[in-house]
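See structure below.
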Amino acid sequence: MNELVSIIVPIYNVETYLSKCIDSLINQTYENLEIILVNDGSTDRSGDIASNYAKKDARIRYFEQENQGLGGARNTGISQAQGQYILFVDSDDYIKEKMVESMVNTMEINALDILVCEFERVNENNETLEKSHLPFLSDKIYDPRINKEILLTDPAAWNKMFKKELFDKTDIRFPSRVWYEDLRTTPKLIANAKRVGFIHEPFYLYLQRQGSIMNSAALSRQEESLQAMDDLLYYFKAHHLDKIYEKELEFLCIAHVYVFGINRVARIPKSKAMIEKFKKYMVEKFPDFHSNPYFSMFTPKEKKFYQWIDHNQIWKIRWGDRIKKEMRKWKKH
């Protein structure tokens, strides 16, 4: 259990959060690391902070490049990685000190291609907002061709450890300069894996902050979830996997376009036309989506959103937001 692990950190204008992120990496109980910091054209002090860390710790390798987006920065890290295993950590997040040790141990014992852990959403005061829960067993090794439901795992790249060989064999990379790069990439990697495992420990701490990608309210960015789904469907069809994973791809579309997508768009002013576009996309791609067998995988909250959207009750999403806003004001007083 002493294989080299490559931790890839894309960096873009995160001077406020970067030190906390890097500290959580260099303080891991597992020491055989190379920490690859990729400065993706930052215009703040992020580059100085990262390069100073590199001077102090021989395990840190620092790279600079013109802005290519999160996916492009990760790809630079993959091309430089020398470890057997790869872990992606976003530069405003941080991880618990035993994450690498625990995940490498599990990867080695079970000869896994991918290992997924749970995570916590936290605010800037380190308060837990939400804990994820994996609906898969921790003592089971999953084969994606047999256990096809694992394709529905949250596509985030950052709570997963990957065998580097998976990237080398498939040549799968993250697209540059786009949004929803994880949705375009992670399901492809899972479909190409042979052994996938899950660990029920929230090792990854995901910072929910204003101004982050997932809090962006631009309609044009939200529309890219349709392009991401097109990318995914094209890949699976081109590799003759579309029929094997037909219902799984359908549910990914239900989740990321119909429920999560419309849920985000509904919170943006003057979004009625975009909501209709999302609905039309769903019906055109998967006309029988209402009979999908995976609806039980939705949380109660997600099922509620699905029903509101299905019954043209989008106003309830906005209404709920207004109530939350008033509650926050009330608490402050």
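Observations
- The stretch 173-209, residues that are of a type in the set (Val, Ile, Thr) and in contact (Cβ under 8 Å) with a residue 40 or more places away in the chain: Val178, Thr185, Ile190, Val196, Ile199
- Total residues in the stretch 166-199, condition in a loop (DSSP other than H, G, I, E, B) and of a type in the set (Lys, Arg): 4
- Candidates Ser24, Ser6, Ser51, Ser19: the one that is touching a residue at least 60 places away in the same chain (Cβ under 8 Å), outside any strand (DSSP E or B) and polar (S, T, N, Q) is Ser24.
- Restricting the stretch 149-165 to residues that are in a helix (DSSP H, G or I) and of a type in the set (D, E, K, R), the residue that is nearest to Ser102 (Cα to Cα): Lys164
- The condition of being surrounded by 18 or more Cβ atoms within 10 Å (Cβ to Cβ) and assigned to a loop (DSSP other than H, G, I, E, B) does not hold for Leu87.
- Residue list for the stretch 156-210, restricted to those being in contact with a Gly (Cβ under 9 Å, 6 or more places away or on another chain) and of a type in the set (Phe, Trp, Tyr): Phe174, Trp179
- The set of residues in the stretch 96-125 being without any contact (Cβ under 8 Å) to a residue 12 or more places away in the chain and either more than 17 Å from Asn2 (Cβ to Cβ) or assigned to a loop (DSSP other than H, G, I, E, B) (or both) consists of Asn125 alone.
- Lone qualifier among Tyr17, Tyr53 - being closer than 17 Å to Trp158 by Cβ and surrounded by 15 or more Cβ atoms within 10 Å (Cβ to Cβ): Tyr17
- Matching residues in the stretch 276-288 - criterion: being more than 24 Å from the chain's Cα centre (by Cα) and either assigned by TED's automatic domain parsing to the domain that holds Thr153 or under 17 Å from Asn312 (Cβ atoms) (or both): Glu276, Lys277, Lys280, Val283
- Annotation: of all residues in the stretch 173-198 being charged (D, E, K, R) and surrounded by fewer than 23 Cβ atoms within 10 Å (Cβ to Cβ), the one that is modelled with the lowest pLDDT is Arg177.
- Residue list for the stretch 109-148, restricted to those being on the phi > 0 side of the Ramachandran plot and either of a type outside the set (S, T, N, Q) or crowded, with 17+ Cβ neighbours inside 10 Å (or both): Ala111
- Residue that is surrounded by the most Cβ atoms within 10 Å (Cβ to Cβ), among those in the stretch 149-172 that are touching a residue at least 60 places away in the same chain (Cβ under 8 Å) and among the aliphatic types (A, V, I, L, M): Met161
- Residues located in the stretch 256-275, provided they are assigned to a helix (DSSP H, G or I), within 26 Å of the chain's Cα centre (by Cα) and within 17 Å of Ser220 (Cα to Cα): His256, Val257, Tyr258, Phe260, Gly261, Ile262, Asn263, Arg264, Val265, Met274, Ile275
The values are calculated or read from the model by the stated rules, or taken from the named source; none is laboratory data. Fair warning: this is a prediction, and the values are worked out from it, not measured in the lab. No Cβ is skipped: glycine too gets one built from the backbone with ideal geometry, and neighbour counts run over all protein chains shown.
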